[in-house]
Structure formats: C-alpha cells, structure tokens
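To start, the structure under review is shown below, and the notes come after it.
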Amino acid sequence: MAMPHTSDLFQEQNLKLAVSRRASLADDSQTTAFRLVDGEADGFHGVVLEVFDKIWLVSTLGRRLPALFREVQEDVRALYWKRLDQDQKETPQWVWGEKVDAPFHVLERGMKIELSMQSGYSQGIFLDQRINRMHVRERVKPGQRVLNTFSYTCAFSVAAALAGGITTSLDLSNPYLQWGKRNMEANGIDSASQYFCKGDAMSWMKRFAKQERLFTGIILDPPTFSRSDAGVFSVQKDYDRLVQAAVQIAEPGGWILATCNDRRLGHERFEVMVRDGVRLAGRQLGKLTHTPMPPDFMDEHYLKSIWLDLI
Ligand SMILES: C[S@@+](CC[C@H](N)C(=O)[O-])C[C@H]1O[C@@H](n2cnc3c(N)ncnc32)[C@H](O)[C@@H]1O
C-alpha cells in the first residue's frame, strides 16, 4: 500500500480542524449550506469547500484535486469538483458518491433554496451573502416594497417576502427569474403575489424613477462586469451611478444594501463610490453601516457590504 504524502496527512488534520471550527453551523438543522473550508485560513492553499446539505463542492484554483477529497467521507452523499482556473465556466464534475442529477433544496434559517449540480458554474446560492439575507429578513416589515436588482435565483427576494415584503426582482436572465419563482413557491409564497422583471437593472431603475415607483428597501449586488443591450456595466467605474439610480427610487427613510465582491475594489474606495452615489442623487444620508462576512468565511474578507439608511 502506498504511504500517504506528508501534505495529505496534514490535510486530514486540517479538515478535522475546519470541521470543529464550524461545529455550531454543522449542528444547526435550520441552516444546511455553509463554507466548510476557506483556503489558506484553514490550511488549504487555493481550495474552498462548500457544504450543500450532505453534498460537498470542492473548488480549486489549481488543476489538482487534493488526494483527501478523492476518498469517500463518512456521512457525505456526494463530492463534486469545480475548477476556478478554467475559462469556460463549466458545471462541477462528479467525483464520488451519488450522482445528483435532480435539483434539491438547502435551508438557510429555515428558508428553502433550490440548488442544482447541473446548472453550470453557479449552483443557485451565494453563501457569502448569508448575513445580509438575515438582515433583510429582519429589516423588512409586512407590506413594504423591496427591490432586488441582479437578483439571480432571488434568494434576497425570498428573504424579504418571508418577512411580508412585496418584492420586485430584476435580472437579465429569464431562467434565473423562473428559478426565483420556484424558490418563492418552495417557501409557501405565491409567486404571482411578487414582481419579476427581465432586463437591465439600471434601465429598469430609471424607468421606475420616471413612473415615480418607490421602494422601502433596495438591494444592489451586481456582478463585477456585465454587458447588456443597455451597454457595459463595471463595478469599478459605475458603482456610484448604480447607487445614484437606487437612491432616486428609495422612499424617504428607506434603505439600500450596496455590496460588491470584486477583490480589486478596496473597502475604502468602495465606500467613497457609495457615498458619491448618494451625493449625486442629492439625498442626505442618515446612517452608513458595514456588515462583516459570515463567520465561516475565515480567509480574505473580499465581500464589501454597506447598508445606507436614507433620510
Ligand atoms: C453575482 S449574481 C447576483 C447574485 C444575487 N444577488 C444573489 O444574492 O444570489 C449576478 C446576476 O446578475 C445578473 N445580471 C448581470 N448583468 C445584469 C444587468 N445588467 N441587469 C440585471 N441583471 C444582470 C445575472 O444574470 C446574474 O443572475
């Protein structure tokens, strides 16, 4: 029998340590999706591991899947592998265990979100937004209007709707909006009671401004770069204009969640752009609050989250 490589032996220890560091999350039956390994902070260079119920998704910067993850693990249904270095953002590869061909649900504080291991590069939820979704659920009061731009599978909208909000989800992709409707239904919310708009977020916000359609809460979580019929959007160049457009349709006393996961944009520069957006809209800011990333994200704090409370 081949002797294990020294670094593989360390990895087994590191994985045990990572599991014990997240013991409270793993014990929470109402939250079944979280990050179990976060790169260097857990002693794994270029490796992250996300738990989706009992399915593990290992993502690697390199082309090699660490030997440890080739071995079947106790109490894990399946392991999938995603390479982060690829140009063609492909569906994760099945490595061992059950082949998960059908969509399935994970829980986040009891909220159900549909995931798929067959849906391409992204599986249906961005776990780094968990704390922000929790805050949305806590902030929204029944009957308030909430706008979720770049909504993807509408996880933020479901959080707001569970709190009684009337949500509008904006996304370029119709399949993602349909996914969002299924997420609503999975949580006992009639999707016909919520609004879904296909198209460019900035164009829709300008249209809402003309219609004087206002919202109590607005969520901004754009991709780093986007190309649509309306033109090119880049967080580095355009975030201030995005905030400006949102402020123009925020009710007096309303709030905006501005987030950005682009590692090249630092926290200070991001705050300057967000403040510029409020200034360009000619509105006064009541309070600005930063929220941290979820505690299972122990490596780089790349996600910037600013809550703006407007006067
Ligand atoms: C990073 S995801 C957003 C994640 C989402 N906020 C969440 O919490 O799950 C990016 C989403 O933005 C959408 N998108 C990209 N460009 C867009 C645009 N110009 N207007 C509206 N949606 C856009 C994509 O279709 C995709 O669903």
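The values are calculated or read from the model by the stated rules, or taken from the named source; none is laboratory data. A quick note: this is a predicted structure, and the numbers were derived from the prediction, not measured. Ideal geometry is used to build each Cβ from the backbone, glycine not excepted, and the neighbour counts take in all protein chains shown.
Where in the range 153-256 are the strands (runs of 3 or more DSSP E), entirely inside, with at least 1 residues that are away from the ligand (no atom under 15 Å from the Cβ)?
So the answer is 166-171, 215-220.
List every residue pair whose Cβ atoms sit under 6 Å apart, with the two residues 6 or more apart in sequence or on different chains, where the first one lies in the range 199-226 and is in the same structural domain as I256 (by TED's automatic domain parsing) and under 16 Å from T153 (Cα atoms) and the second, anywhere, is of a type outside the set (A, V, I, L, M, F, W, C) and within 10 Å of the ligand (Cβ to nearest atom).
Going by the 6 Å Cβ cut-off, the qualifying pairs are D200/S228; A201/T149; I219/N148; L220/T149; D221/T259.
Among (1) within 21 Å of T153 (Cα to Cα); (2) over 19 Å from the mean Cα position of the chain (by Cα), which single condition is E268 missing?
Condition not satisfied by E268: (1).
In the range 224-247, what residues are under 18 Å from the mean Cα position of the chain (by Cα) and loosely packed, with under 14 Cβ neighbours inside 10 Å?
F225
Could you check how many residues of the range 257-273 are more than 14 Å from L220 (Cβ to Cβ) and either free of Cβ contacts under 8 Å to residues at least 12 places away in the same chain or part of a strand (DSSP E or B) (or both)?
4
Please go through (1) within 16 Å of the ligand (Cβ to nearest atom); (2) in contact with a strand residue (DSSP E or B) (Cβ under 9 Å, 6 or more places away or on another chain); (3) assigned to a loop (DSSP other than H, G, I, E, B) for S122 and return the number of the only condition it doesn't satisfy.
All conditions pass for S122, except number (2).
In the range 135-177, which residue that is surrounded by fewer than 20 Cβ atoms within 10 Å (Cβ to Cβ) and closer than 21 Å to P222 by Cβ is nearest to the chain's Cα centre (by Cα)?
If we take residues in the range 135-177 being surrounded by fewer than 20 Cβ atoms within 10 Å (Cβ to Cβ) and closer than 21 Å to P222 by Cβ, then H135 is nearest to the chain's Cα centre (by Cα).
Scan the range 125-152 residue by residue and report those that are more than 15 Å from the ligand (Cβ to nearest atom) and either of a type in the set (D, E, K, R) or part of a strand (DSSP E or B) (or both).
Within the range 125-152, E138, R139, K141, R145 meet the criteria.
Can you work out which of the residues in the range 117-134 that are buried (at least 18 other Cβ atoms within 10 Å of the Cβ) and polar (S, T, N, Q) is nearest to the chain's Cα centre (by Cα)?
Q129
Criterion first (surrounded by 14 or more Cβ atoms within 10 Å (Cβ to Cβ), farther than 26 Å from A161 by Cβ, under 18 Å from the mean Cα position of the chain (by Cα) and of a type in the set (F, W, Y)) does W56 satisfy it?
yes
In this structure, is D276 part of a helix (DSSP H, G or I) and assigned by TED's automatic domain parsing to the domain that holds F156?
Yes.
What number of residues in the range 100-120 are of a type in the set (F, W, Y) and touching a Pro at 6+ places or on another chain (Cβ under 8 Å)?
Selection size over the range 100-120: 0.
How do the pairs read when you match residues in the range 140-157 that are at pLDDT below 95 with residues anywhere that are in a helix (DSSP H, G or I), using Cβ under 9 Å and keeping only pairs 6 or more apart or on different chains?
none
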